[in-house]
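The values are calculated or read from the model by the stated rules, or taken from the named source; none is laboratory data. Computed from a prediction, not measured in an experiment: that's the story for all the values here. Backbone-built Cβ (ideal geometry, glycine too); neighbour counts: all protein chains shown.
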Ligand code: F0G
């Protein structure tokens, strides 16, 4: 992503930053060697072959647009069976023209969030490079998704979460699917710094969105929206912004589709921050930083981060999924804004909760972060940035059941998390997979993982790949 460096690396390498300059890496294809269909409509032929797992997957049925893996390497669990819903009632309520508001309901994914789109791609790359142990930091959904893919594809999953920072629905998934779960004293930004350190030291395969293969899978959300509109392009795509991987992937998808001549127009993009975690909005609308052909003025961003450190600032929003103040994909998000003539805005927690209740009232559940899309749409309609006659697709990134506490709180005023007193003598099940409390330093983490730098390499058995138990599902393609 750094034009002054422009180093390239082979797809068989495992890198989450440029080995020369440290900047983000981007996946580039030599399209002349790929077999991309002449028209997007040609992808419909794959529907007839849905018994083949790759054609069933809502990601891999578009595999010609992410052609980095041989079919045999693909780790799919049937992700991406998600639909573009025409939200007639909600659209009418917001004063939009009939039939113009669509919701891309990503909560239908196997782990209940849009993260599965990217996870299938990154696990595929992990398999290609022979990785066995995979790790991530997460506000919850990435860890849930990682845990599912690890369990079903024979990897050991390790997840880092901030203490008290994750919705219970998501935590329960990571625990149930057997991921080694480390609760760090700190927020997501601290967890991500740590998991990057620890993964580099121990050779764990990093699954966060600094891994460029994750974003390749996330492009497919855009393909499915086009498919849902019979290959027409909407006027607007609206997406919540956290670590900014998702919006970056959308920009890349449309840049490629345009360059390949597969679309005749590119939709506009609106990225919505929560006010309590509004780095992108500040960078774009207050500091005026732009993509500038890859020559991003990072000194302004560094200045902002230095100010945050000085003030001991930590992000805070009820939309815990996007409670992030140092989005790692910032530069790629600026590129997406450039490609898609994008805008950024922020919404308060109250606006998010009201929007979530509206979405729910009209029959589509989602978690708070996802509702930032509709809260943002309301704002952008009011400012006439988006017109009521335009066709808008909002990404509902995560299922409503991910964070039932937020919903119960909204409807009853009861904070269920605080009402739960730990029992005097805790009991747990025979297969309990308890989170391990650990201090935020590398040595304590390595100790908690029960690993040392000298004992770990990919030939060390993880207890998963070599001995798939008869009781556990084991997927092989
Ligand atoms: N919506 C939900 C439900 C999310 O879980 C996230 C990110 C986002 C939106 C923002 O997407 O990071 O690509 O800008 N969740 C991450 C996680 C950070 O760890 O699950 P983004």
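Pick out the one residue from 98, 110 that is without any contact (Cβ under 8 Å) to a residue 40 or more places away in the chain, within 23 Å of the chain's Cα centre (by Cα) and surrounded by fewer than 23 Cβ atoms within 10 Å (Cβ to Cβ). Show your work before the answer.
On the way: 98 fails: within 23 Å of the chain's Cα centre (by Cα).
Going through 98, 110 in turn, just one is without any contact (Cβ under 8 Å) to a residue 40 or more places away in the chain, within 23 Å of the chain's Cα centre (by Cα) and surrounded by fewer than 23 Cβ atoms within 10 Å (Cβ to Cβ): 110.
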Given (1) away from the ligand (no atom under 15 Å from the Cβ); (2) touching a helix residue (DSSP H, G or I) at 6+ places or on another chain (Cβ under 8 Å), identify the lone condition not met by residue 104.
(1)
Take the conditions at positive phi and assigned to a helix (DSSP H, G or I) and apply them to residue 312. Does it pass?
no
Breaking point among (1) more than 18 Å from residue 141 (Cβ to Cβ); (2) in contact (Cβ under 8 Å) with a residue 40 or more places away in the chain; (3) not in a loop (DSSP other than H, G, I, E, B), for residue 350:
(2)
Return yes or no: is residue 363 at pLDDT below 95, more than 12 Å from the ligand (Cβ to nearest atom), on the phi > 0 side of the Ramachandran plot and out of contact with any strand residue (DSSP E or B) (no Cβ under 8 Å at 6 or more places or on another chain)?
yes
When you go through 287, 269 one by one, which is the residue that is without any contact (Cβ under 8 Å) to a residue 40 or more places away in the chain and under 25 Å from residue 326 (Cβ atoms)?
287
Would you mention how many residues in segment 120-134 are surrounded by fewer than 23 Cβ atoms within 10 Å (Cβ to Cβ) and not in a loop (DSSP other than H, G, I, E, B)?
2
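Considering only residues that are in a loop (DSSP other than H, G, I, E, B), touching a strand residue (DSSP E or B) at 6+ places or on another chain (Cβ under 9 Å) and buried (at least 21 other Cβ atoms within 10 Å of the Cβ), which ones fall in segment 328-343?
Pass one, segment 328-343, residues in a loop (DSSP other than H, G, I, E, B): 328-329, 340-342.
Remaining after also requiring touching a strand residue (DSSP E or B) at 6+ places or on another chain (Cβ under 9 Å): 340-342.
Selection gives 340, 342.
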Might you check whether a residue that is free of Cβ contacts under 8 Å to residues at least 60 places away in the same chain and more than 14 Å from the ligand (Cβ to nearest atom) occurs anywhere in segment 129-148?
no
Take residue 339 and tell me if it is within 12 Å of the ligand (Cβ to nearest atom), in contact (Cβ under 8 Å) with a residue 40 or more places away in the chain and under 21 Å from residue 209 (Cβ atoms).
no
